[in-house]
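The values are calculated or read from the model by the stated rules, or taken from the named source; none is laboratory data. As the structure is a prediction and not an experimental result, all values here were calculated from the model. Please note: Cβ atoms are built from the backbone with ideal geometry, for glycine as well, and neighbour counts cover all protein chains shown.
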């Protein structure tokens with residue numbers, strides 16, 4: 001099974017693609033979709049949708065795992081939620097099944113603690129995928145954590 005994990009954002013959308021057809025999961029790709037702050041939000045959303053569509057065509061995932069947005073008071077909350085909607089719409093248009101997990105559930109699945117810090121989650125991602133170097137940037141590592149959680153729960 002091929003799974004794409006997605007860590008939503010407006011400026012940076014993390015993604016990570018894993019293959020789970022064997023006993024151990026294998027990382028196929030990870031990175032970010034980046035949009036420029038000076039662009040109108042509509043252009044940024046279009047860029048996110050177009051880039052995700054290209055990733056989906058390249059990797060043909062069987063499942064997408066999208067991190068649920070943790071609501072807090074911030075000037076970027078609305079934009080991140082809008083970007084998340086664009087991601088879900090793009091996945092749905094291409095008929096990719098979607099699972100969603102909040103950050104605490106992803107941390108719990110990978111480390112055994114819903115309150116694990118970023119370092120603990122990163123170490124778990126590296127251990128599960130047998131990576132010698134940490135995936136960068138952090139958004140990509142978070143997306144791989146989401147993909148692994150989808151594998152654990154699927």
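Answer with yes or no whether residue 83 is buried (at least 20 other Cβ atoms within 10 Å of the Cβ), closer than 30 Å to residue 115 by Cα and modelled with pLDDT of 95 or more.
No; evaluated as a whole, the condition is false for this residue.
Residues in segment 67-80: is at least one buried (at least 17 other Cβ atoms within 10 Å of the Cβ) and free of Cβ contacts under 8 Å to residues at least 40 places away in the same chain? There is no residue in segment 67-80 that is buried (at least 17 other Cβ atoms within 10 Å of the Cβ) and free of Cβ contacts under 8 Å to residues at least 40 places away in the same chain. Of the listed requirements (1) assigned to a helix (DSSP H, G or I); (2) modelled with pLDDT of 95 or more, residue 78 misses just one: (2).
Applying the set (1) over 14 Å from the mean Cα position of the chain (by Cα); (2) surrounded by fewer than 16 Cβ atoms within 10 Å (Cβ to Cβ); (3) within 18 Å of residue 68 (Cα to Cα) to residue 102 leaves exactly one unmet item: (1). Once segment 41-65 is narrowed to residues that are under 11 Å from residue 10 (Cβ atoms) and at pLDDT 95 or above, the residue that is surrounded by the most Cβ atoms within 10 Å (Cβ to Cβ) is 48. In the set 108, 56, 87, 144, only one residue is more than 13 Å from residue 17 (Cα to Cα), in contact (Cβ under 8 Å) with a residue 40 or more places away in the chain and in a helix (DSSP H, G or I); that residue is 87.
On inspection, residue 29 fails the criterion of being part of a helix (DSSP H, G or I) and touching a residue at least 12 places away in the same chain (Cβ under 8 Å). Within the span defined as segment 12-25, every residue fails to be within 23 Å of residue 152 (Cβ to Cβ), surrounded by fewer than 12 Cβ atoms within 10 Å (Cβ to Cβ) and within 16 Å of the chain's Cα centre (by Cα).
When 68, 118 are checked against the criterion of being under 14 Å from the mean Cα position of the chain (by Cα) and under 15 Å from residue 14 (Cβ atoms), 68 stands alone in meeting it. For segment 132-151, a tally of residues being surrounded by 16 or more Cβ atoms within 10 Å (Cβ to Cβ), more than 16 Å from residue 2 (Cα to Cα) and out of contact with any helix residue (DSSP H, G or I) (no Cβ under 9 Å at 6 or more places or on another chain) returns 2.
Among the criteria (1) assigned to a helix (DSSP H, G or I); (2) in contact (Cβ under 8 Å) with a residue 24 or more places away in the chain, the one residue 100 does not fulfil is (1). Of the conditions (1) over 18 Å from residue 151 (Cα atoms); (2) surrounded by fewer than 14 Cβ atoms within 10 Å (Cβ to Cβ), residue 127 fails just one. Which one is it? Unmet condition: (1).
Restricting attention to segment 124-141, the residues that are under 23 Å from residue 33 (Cα atoms) and part of a helix (DSSP H, G or I) add up to 7.
Among the residues of segment 105-124, what is the count of those that are surrounded by 13 or more Cβ atoms within 10 Å (Cβ to Cβ) and either under 19 Å from residue 6 (Cβ atoms) or at pLDDT 95 or above (or both)? Write out each step before concluding.
Taking segment 105-124 and keeping what is surrounded by 13 or more Cβ atoms within 10 Å (Cβ to Cβ), we get 105-111, 114, 116, 120-124.
Okay, now just the ones that are also either under 19 Å from residue 6 (Cβ atoms) or at pLDDT 95 or above (or both), so 105-111, 116, 120-124.
Of the residues in segment 105-124, 13 are surrounded by 13 or more Cβ atoms within 10 Å (Cβ to Cβ) and either under 19 Å from residue 6 (Cβ atoms) or at pLDDT 95 or above (or both).
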